[in-house]
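Taking it in order: structure first as structure tokens, then the write-up.
The values are calculated or read from the model by the stated rules, or taken from the named source; none is laboratory data. As the structure is a prediction and not an experimental result, all values here were calculated from the model. Glycine gets a Cβ as well: all are built from the backbone with ideal geometry, and neighbour counts include every protein chain shown. Note: accessible area is taken over every heavy atom of the protein model, side chains too, but ligands, DNA and RNA are not part of it. Shrake-Rupley method; radii C 1.70, N 1.55, O 1.52, S 1.80 Å.
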There are 2 protein chains.
Amino acid sequence: MKKKLVKSITSRTFDFGKWYTDVCVKGELIAYSDVKGFIIYLPDGYFLWEQIQKFFNKELQKTNHQNVYFPLLFTENLFKKEKKHIQGFQPETAFVTFAGDKNLSEKLILRPTSEVLFSQHYEKTITSYRDLPKLYNQWCNVIRWEKSTRPFLRGKEFLWQEGHTAHANAQEAMSETLSIIKLYQKLGKELLAIPFVIGKKTELEKFAGAIETYSIESLMPDGQSLQSGTSHFLGTKFSEAFNIKFQDLDNKIKFVYQTSWGISTRLLGALVMVHGDDEGLVFPPYIAPLQIIIIPLQPKDANVIKFSNEIFEVLKNKYRVKLDVQNKNTGWKFSQYEMKGIPLRIEVGKHGLEKDEITVFTRYNFLKQQFKKDDLLTKIPFLFKNIHLMMYQKALKYLNEHQYKANNYEEFKILLKKGGYVAISISGTNAELKIKKETGATARIILEQELITDNCPITNEKAIYTALFSRAY
Amino acid sequence: MKKKLVKSITSRTFDFGKWYTDVCVKGELIAYSDVKGFIIYLPDGYFLWEQIQKFFNKELQKTNHQNVYFPLLFTENLFKKEKKHIQGFQPETAFVTFAGDKNLSEKLILRPTSEVLFSQHYEKTITSYRDLPKLYNQWCNVIRWEKSTRPFLRGKEFLWQEGHTAHANAQEAMSETLSIIKLYQKLGKELLAIPFVIGKKTELEKFAGAIETYSIESLMPDGQSLQSGTSHFLGTKFSEAFNIKFQDLDNKIKFVYQTSWGISTRLLGALVMVHGDDEGLVFPPYIAPLQIIIIPLQPKDANVIKFSNEIFEVLKNKYRVKLDVQNKNTGWKFSQYEMKGIPLRIEVGKHGLEKDEITVFTRYNFLKQQFKKDDLLTKIPFLFKNIHLMMYQKALKYLNEHQYKANNYEEFKILLKKGGYVAISISGTNAELKIKKETGATARIILEQELITDNCPITNEKAIYTALFSRAY
């Protein structure tokens with residue numbers, strides 16, 4: 001208990017929500033701004049986002065996507081052109097009404113998302129099939145006036161990428177929609193060590209203005225689902241509203257098919273929650289801001305310091321590594337770096353000097369092993385790979401163990417209380433609304449599998465699809 | 001004349017301003033948004049900015065700076081804390097007054113610059129000399145409600161980096177201020193092929209809230225100066241206003257010394273103007289979005305296409321290269337890629353097939369030379385290095401040839417009409433204001449050199465410093 005007090009991190013089991021904000025703040029990922037709902041991304045927090053950017057930019061480049069930047073502000077009129085879209089976003093929009101020492105004749109919207117701006121530009125620049133596909137992406141800030149906010153998960157401002165593409169036909173646009181959601185899944189698996197469930201949203205839950213929305217959902221340790229990224233097939237909804245036409249190979253004039261898709265700093269919230277523990281943050285090695293911390297156990301011993309320095313020199317060009325020679329209590333140091341989630345700790349002690357040996361501590365499972373100094377460079381890559389894999393497997397196991405099937409509504413409610421996802425076959429929106437009202441759970445995705453029951457247990461009508469329900473962030 | 005009409009680029013000598021917007025738009029660097037003063041950064045335009053980010057991030061990493069992200073919106077009250085600062089920015093600020101379906105109780109400012117936010121955070125987090133220096137930087141958008149706007153040069157929204165640092169004493173902060181301005185100079189020389197004059201701003205021209213402002217200024221072909229980046233020594237102005245104190249090694253409580261510094265997408269305007277010509281854009285090779293275009297002269301000849309493909313395969317992993325096999329008029333292709341400023345054009349013709357020879361055209365000087373295919377990979381690095389150097393030298397020559405010294409006010413006015421910088425020794429702000437009013441020229445920087453005249457030709461008072469004047473963007 002004393003250790004907990006020193007770090008002042010609330011226990012996860014005692015209060016998961018408090019634990020989460022504790023590790024975000026004490027782990028120095030974020031700080032609060034004085035304006036409610038806005039956060040400061042501190043160096044470690046922003047570094048995580050930069051790693052996501054690097055990973056995803058590389059994938060975008062391979063698939064011929066291009067980065068662009070569109071304006072922050074646009075007119076309300078433009079926003080009104082696609083009706084479902086504006087209905088979905090209106091309550092959350094923020095407006096500039098006064099600028100340059102006077103009231104604006106038309107108030108301007110701070111982008112909550114940029115479909116309308118890209119559509120307006122596409123209308124002006126696409127004329128022929130030769131102009132297609134357009135595969136644009138931008139990294140930017142967006143503003144959504146959310147009522148209740150939490151670091152990374154929901155904020156009045158957040159950072160994201162938004163892709164906006166235009167295609168000559170529906171097949172191409174659908175294939176883009178799906179290949180992007182798979183890229184998001186890849187990012188989760190290879191960089192964040194987070195498994196996602198992946199699928200189509202129901203009519204009720206899909207994006208305002210989309211024909212189909214595909215989503216990646218991750219399961220948090222409190223049993224709630226976190227929507228972690230979405231990819232929308234927009235069909236011709238925006239091209240018809242914005243009159244984006246082109247002359248096709250067959251000389252006919254047609255509307256383009258569009259997609260849009262995004263992941264945001266919300267992923268950092270998933271990263272913190274999925275892997276963290278009562279000691280604090282736990283980062284998978286490839287994304288960790290600091291990958292290795294070297295701690296001399298006898299910081300006053302010149303030989304130990306010399307040996308520590310040698311190890312630092314060996315590692316510094318390959319890894320994000322720090323050597324802490326401060327003359328502070330070793331236990332306190334351990335505790336601090338454990339809280340910060342650094343994947344590897346190398347302990348250098350005088351007992352290992354003759355044998356050229358050091359102790360390597362892995363944060364995620366608290367295990368120690370002895371390494372020869374000369375083996376470090378060959379062993380660390382395998383160690384990192386293994387840590388990453390084990391962290392992913394652990395999260396996958398948790399995800400798999402928290403997926404249930406309900407044959408009736410009673411069973412559904414009981415299973416829901418266990419936390420996690422419950423599959424149930426339902427008749428449609430009415431059933432969904434009733435479940436939401438009575439249990440607080442929402443349909444996260446539609447499962448592509450056989451129906452569990454022929455009839456919907458909620459409405460007694462014929463079941464149409466099986467959806468995965470859970471409470472959600 | 002016909003060629004000009006085809007491309008519809010205005011001649012530089014005929015109308016430099018029109019030429020500039022022509023190449024920005026027809027060269028597909030930007031497109032206009034429907035809201036006046038806002039631009040869209042198209043793939044090539046945004047790519048240039050990403051190259052600047054990569055170059056500068058690498059330098060920042062070497063010097064232990066850290067990237068962060070602070071909120072877009074903050075309260076007017078916070079902005080009011082440093083009086084000179086708010087006076088400087090107030091006329092250009094934009095406000096959010098309505099959000100989430102209601103009027104805000106306190107209107108929020110869209111950041112025109114973020115000194116106040118970083119200062120507020122530093123006040124909360126700096127307590128000891130151990131917390132210093134803080135070396136934070138962020139890449140973001142800023143909003144300044146400018147009345148007259150031009151692509152890249154002046155917009156209601158622009159992209160930039162803003163560094164904000166805090167130090168234990170004045171020397172360290174001053175050394176940071178100067179080392180950053182030298183980094184900007186390095187970026188100009190090594191990436192943009194642009195030489196800067198570099199120096200301190202006068203009292204009249206310095207940043208609102210700074211003790212000293214250092215500036216890099218580049219000279220445009222129309223004889224006007226473009227302020228291309230600034231680095232401010234803030235002293236304790238903000239730390240006193242925001243109460244940012246720390247306990248120093250000597251146990252005394254002291255105010256921190258701060259700096260701030262920034263470069264923006266304005267640099268892209270300099271890049272376009274300094275190197276462009278009547279055929280369009282001209283990019284130095286290291287920053288060019290596309291570095292090499294391969295054009296088969298007989299696109300219907302299978303052997304020519306085969307040879308072109310072989311060359312493409314040789315180059316594609318080393319350079320940003322494209323092969324254009326479209327069956328279009330070769331002259332039209334040449335003209336298009338010249339307009340886009342691509343540094344190298346490789347012409348593949350059937351006459352070169354037996355000898356394995358191709359023609360390499362360098363955009364900046366319109367020269368052609370014959371290369372053997374096998375020599376390409378060894379010769380291109382030298383060619384790029386040479387092109388970059390020559391483009392830099394050309395700009396430097398122009399800069400040097402347009403710097404004058406004035407011994408009296410008449411001479412000053414005559415020299416000013418030639419375009420470029422005129423040095424004059426003056427008594428201070430009164431002289432500066434008179435020059436500005438009567439000639440439109442402003443003091444760009446203070447020269448660290450002996451006075452030209454003992455007395456100020458404007459006021460007849462004793463001259464205090466020599467300043468470089470010019471008309472400016």
Exercise. Please determine, by comparing only the residues of the stretch A:86-101 that are over 15 Å from residue A:146 (Cα atoms) and in a strand (DSSP E or B), which one is nearest to the chain's Cα centre (by Cα).
Key: A:96
Quiz prompt | Conditions (1) assigned to a strand (DSSP E or B); (2) within 13 Å of residue B:239 (Cα to Cα); (3) among the β-branched types (Val, Ile, Thr); number of the one not met by residue B:116 | solution = (1)
Exercise. For residue B:401, state whether it is surrounded by 12 or more Cβ atoms within 10 Å (Cβ to Cβ), of a type in the set (Asp, Glu) and without any contact (Cβ under 8 Å) to a residue 40 or more places away in the chain.
Key: no
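To keep it simple, each residue is scored yes or no on (1) modelled with pLDDT of 95 or more; (2) surrounded by fewer than 13 Cβ atoms within 10 Å (Cβ to Cβ); (3) assigned to a helix (DSSP H, G or I); (4) touching a strand residue (DSSP E or B) at 6+ places or on another chain (Cβ under 9 Å).
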{"position": "A:326", "(1), (2), (3), (4)": "no, yes, no, no"}
{"position": "A:338", "(1), (2), (3), (4)": "yes, no, yes, yes"}
{"position": "A:354", "(1), (2), (3), (4)": "no, yes, no, no"}
{"position": "A:361", "(1), (2), (3), (4)": "yes, no, no, yes"}
{"position": "A:378", "(1), (2), (3), (4)": "yes, yes, yes, no"}
{"position": "A:388", "(1), (2), (3), (4)": "yes, no, yes, no"}
{"position": "A:394", "(1), (2), (3), (4)": "yes, no, yes, no"}
{"position": "A:397", "(1), (2), (3), (4)": "yes, yes, yes, no"}
Exercise. Test residue A:37 against the stated conditions and say whether it is in a loop (DSSP other than H, G, I, E, B), buried (at least 20 other Cβ atoms within 10 Å of the Cβ), more than 7 Å from chain B (Cβ to nearest Cβ) and not aliphatic (A, V, I, L, M).
Key: yes
Quiz item: Is it the case that some residue within the stretch A:64-84 is more than 27 Å from the chain's Cα centre (by Cα), β-branched (Val, Ile, Thr) and farther than 21 Å from residue B:40 by Cβ?
Solution: no
Exercise. With the condition kept exactly as written, say whether any residue in the stretch A:65-75 is within 14 Å of chain B (Cβ to nearest Cβ) and closer than 26 Å to residue B:121 by Cα.
Key: yes
Quiz prompt | Within the stretch B:436-473, considering residues that are outside any loop (DSSP other than H, G, I, E, B) and out of contact with any strand residue (DSSP E or B) (no Cβ under 9 Å at 6 or more places or on another chain), the one least open to solvent (accessible area, probe 1.4 Å) | solution = B:438
Quiz prompt | Test result for residue A:316, free of Cβ contacts under 8 Å to residues at least 12 places away in the same chain and open to solvent by 40 Å² or more (accessible area, probe 1.4 Å) | solution = yes
Exercise. Identify the single condition in (1) open to solvent by 20 Å² or more (accessible area, probe 1.4 Å); (2) in a helix (DSSP H, G or I); (3) closer than 25 Å to residue B:28 by Cα; (4) not polar (S, T, N, Q) that residue A:122 does not satisfy, given that it satisfies every other one.
Key: (1)
Self-check item: Of residues in the stretch B:44-60 being surrounded by fewer than 19 Cβ atoms within 10 Å (Cβ to Cβ) and either basic (Lys, Arg) or within 11 Å of another protein chain (Cβ to nearest Cβ) (or both), the one farthest from the chain's Cα centre (by Cα)
Solution: B:58
Self-check item: For residue A:98: the one exception among (1) facing chain B (nearest Cβ under 9 Å); (2) in contact with a Leu (Cβ under 6 Å, 6 or more places away or on another chain)
Solution: (2)
Self-check item: Residue selected from the stretch B:26-36 under the condition farther than 13 Å from residue A:121 by Cβ and modelled with pLDDT of 95 or more, by the criterion farthest from the chain's Cα centre (by Cα)
Solution: B:26
Quiz prompt | Failed condition for residue B:116, given (1) open to solvent by 40 Å² or more (accessible area, probe 1.4 Å); (2) more than 7 Å from every other protein chain (Cβ to nearest Cβ) | solution = (1)
Quiz item: Considering the stretch B:125-142 alone, what residues qualify as being open to solvent by 30 Å² or more (accessible area, probe 1.4 Å) and not in a strand (DSSP E or B)?
Solution: B:125, B:127, B:129, B:130, B:131, B:133
Exercise. Return the only residue of A:5, A:78 being in a helix (DSSP H, G or I) and either modelled with pLDDT of 95 or more or more than 9 Å from chain B (Cβ to nearest Cβ) (or both).
Key: A:5
Quiz item: Out of all the residues in the stretch B:405-422, which are surrounded by fewer than 20 Cβ atoms within 10 Å (Cβ to Cβ) and not charged (D, E, K, R)?
Solution: B:407, B:408, B:409, B:414, B:419
Self-check item: Within the stretch B:79-113, considering residues that are of a type in the set (D, E, K, R) and closer than 21 Å to residue A:155 by Cα, the one least open to solvent (accessible area, probe 1.4 Å)
Solution: B:111
Exercise. Could you tell me which of the residues B:162, B:123, B:146, B:172 is facing chain A (nearest Cβ under 9 Å) and touching a residue at least 24 places away in the same chain (Cβ under 8 Å)?
Key: B:146
Quiz item: Does the stretch A:264-287 contain at least one residue that is on the phi > 0 side of the Ramachandran plot and either assigned to a loop (DSSP other than H, G, I, E, B) or touching a Pro at 6+ places or on another chain (Cβ under 8 Å) (or both)?
Solution: no
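For residue B:104, are the conditions met, namely being touching a Pro at 6+ places or on another chain (Cβ under 9 Å) and either in a helix (DSSP H, G or I) or more than 17 Å from residue B:232 (Cβ to Cβ) (or both)?
Considered against the rule, which asks whether it is touching a Pro at 6+ places or on another chain (Cβ under 9 Å) and either in a helix (DSSP H, G or I) or more than 17 Å from residue B:232 (Cβ to Cβ) (or both), residue B:104 comes out as no.
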Self-check item: Count - residues of the stretch A:410-437 that are in contact (Cβ under 8 Å) with a residue 12 or more places away in the chain, over 26 Å from the mean Cα position of the chain (by Cα) and over 17 Å from residue A:200 (Cα atoms)
Solution: 7
Quiz item: Filter the stretch A:13-34 for residues that are open to solvent by 60 Å² or more (accessible area, probe 1.4 Å) and either away from chain B (no Cβ under 14 Å) or outside any helix (DSSP H, G or I) (or both); which is nearest to residue A:332 (Cα to Cα)?
Solution: A:28
